[in-house]
Amino acid sequence: EAGTRRKGKARRGRGKARSEGLLSKQKRSRRMKANDRERNRMHHLNSALDALRSVLPTFPDDAKLTKIETLRFAHNYIWALTQSLRLS
């Protein structure tokens, strides 16, 4: 009975080490996939902001607005266009 317990514990110990290694690989894999998703998300966000910048009138033309400046400028530009339509 005591020998059976030792074998069981030894198996569990090896299994635990194996499962810890597997968990570590799974965590790395999940982290890599999450990093990929975040990289793609930021790529798409930056592309969308570039497209928005291209339709906003800026002075001088070569000045690149920051992300928050782009959003604020777009908001104000849309508001000004809306006001202009209301007044006409």
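Here is how the numbers come out for the structure above:
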| quantity | calculated |
| --- | --- |
| LEU56 versus ARG86: modelled label distance in nm, points set 7 Å from Cα along the beta carbon direction | 2.2 |
| Debye equation applied to the C-alpha atoms of region 14-87, log10 I(q)/I(0) at 0.12, 0.14, 0.15, 0.23 Å⁻¹ | -0.55, -0.63, -0.67, -1.00 |
| For region 32-42, 3J(HN,Hα) per residue [Karplus equation, 6.51 cos²θ - 1.76 cosθ + 1.60, θ = phi - 60°, Hz, x = Gly/Pro] | 5, 5, 5, 4, 4, 4, 5, 4, 5, 4, 5 |
| Accessible carbon and sulfur surface of region 14-87 relative to its total accessible area, %, 1.4 Å | 60 |
| Surface per residue (accessible, 1.4 Å probe) for region 14-87, Å² | 88 |
| Nearest-0.05 FRET efficiency for ALA34 and LEU65, computed from C-beta distance (R0 25 Å) | 0.30 |
| Added length on full extension, which subtracts the Cα-Cα distance from 0.36 nm per residue, GLN26 to HIS44 | 3.8 nm |
| In Å², nearest 10: area of LEU52 left accessible to a 1.4 Å probe | 50 |
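The values are calculated or read from the model by the stated rules, or taken from the named source; none is laboratory data. Keep in mind that this is a model prediction, so the values were computed, not measured. Every residue, glycine as well, gets a Cβ built from its backbone with ideal geometry; the counts of neighbours run over all protein chains shown. Accessible surface areas use protein heavy atoms only, side chains included; no ligands, DNA or RNA. Shrake-Rupley method; radii C 1.70, N 1.55, O 1.52, S 1.80 Å.
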